[in-house]
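J.: Here it is, the structure, as structure tokens.
Laboratory data are not the source of any read-out in this text; all were calculated from the coordinates shown. Predicted, not measured: the structure shown is a model, and the values here were computed from it. In this analysis, Cβ positions are derived from the backbone assuming ideal geometry, glycine residues included, and neighbour counts consider all displayed protein chains.
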């Protein structure tokens, strides 16, 4: 077997499965209507197996190496499952904030030439609207009960394909994802981000004075590099157990970090003054 290049996300996850398959590397926290914390975890093994399930499903939608698809949701575990799946299949994922609407959403989907989208958090109607009449696009949801589209919960509840799919991403310099800027001064700007950019996230750990015993937290959107590369990237590469909120909560920030024993978080400038 050829050596796995850890700059490729799928290889990184697979290698961690050999060392610590049951490590609860990610805890996703949502605040329910009663103000209680509801959490869901992912181990390295779960990330790998879910990545395999979703990669096989994406392949069934006609997705091949280099094709693009959108992830339009808040910070759900399925977001990271899809990142691993895309790395296995060699596709390019396009993270888009679930609050994006209308012409801005259409621009982002069209510019990236997305062949499909996985949606959640109220984004389904918006994606349907901008793709109305375009029969060449597929849409899947993460929310059970959304009629008319495949639901990923069914895929994730199914078996892992045997034999497993080989990791099709082999070039660390190849595109991994297309990140968009916020677009506050016009149309969002697209940034093609390579596998190796994500893979080098681990180098930040000693710079920030973190060790394997730290527990990073973020409530920032995984659709932007701050949360996805700086926090999630470091966590997945180093084995630090990370905590991710579905969305940022100014009023519950300290409650979450205390409850889950978090030792590190980073914010945007405006958020710092708000707390």
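J.: If you project the alpha carbons of the range 1-48 onto the principal axes, what extent comes out on each, in Å, largest first?
T.: The Cα atoms of the range 1-48 stretch 51, 18, 10 Å along their principal axes.
J.: While we're here: What translational D, rounded to a whole number of µm²/s, comes out for the range 166-275 from Stokes-Einstein when the hydrodynamic radius is the Kirkwood one over Cα pairs, at 10 °C and 1.306 mPa s? It would help to have the intermediate numbers written out before the result.
T.: Values: Rh = 15.3 Å.
Reported coefficient: 104 µm²/s.
J.: Stretched out fully, how many nm does the piece from residue 157 to residue 211 gain, at 0.36 nm a residue minus the Cα gap? Walk me through the numbers on the way to the answer.
T.: On the way: separation 54, 0.36 × 54 = 19.44 nm, distance 3.46 nm.
Gain on stretching residue 157 to residue 211: 16.0 nm.
J.: Something else now. Label residue 23 and residue 110 with points 7 Å out from Cα along Cα→Cβ: what is the distance between them in nm?
T.: 4.5
J.: Please compute the Kirkwood hydrodynamic radius over the range 77-157, one decimal place, Å, based on all pairs of different Cα atoms. Before the final figure, lay out each step's value.
T.: On the way: mean 1/r = 0.0755 Å⁻¹.
Taking the inverse mean of 1/r over all distinct Cα pairs, the range 77-157 comes out at 13.2 Å.
J.: Which length gain, in nm to one decimal place, applies between residue 259 and residue 173 when the Cα-Cα distance is subtracted from 0.36 nm times their residue separation? Before the final figure, lay out the partial values.
T.: On the way: separation 86, 0.36 × 86 = 30.96 nm, distance 3.92 nm.
Going from the current span to full extension adds 27.0 nm.
J.: Along its principal axes, what span do the Cα atoms of the range 73-117 show, with the longest given first and each in whole Å?
T.: Each principal axis gives a Cα extent; for the range 73-117 these are 31, 22, 10 Å.
J.: Okay, moving on. For 99, 241, which order do you get if you count the other beta carbons within 10 Å of each Cβ and list the fewest first?
T.: Working: 99 15, 241 19.
The most exposed by this proxy come first: 99, 241.
J.: In Å, what Kirkwood hydrodynamic radius results for the chain from the alpha-carbon pair distances? Intermediate results must be reported in sequence, preceding the final value.
T.: Details: mean 1/r = 0.0527 Å⁻¹.
Result for the chain stands at 19.0 Å.
J.: Here is a follow-up. Report, as a whole number in µm² per second, the diffusion coefficient that Stokes-Einstein gives for the range 32-177 at 37 °C and 0.692 mPa s using the Kirkwood radius over alpha carbon pairs. Present the calculation step by step, with values, prior to reporting the outcome.
T.: Values: Rh = 15.7 Å.
Estimated diffusion coefficient is 209 µm²/s.
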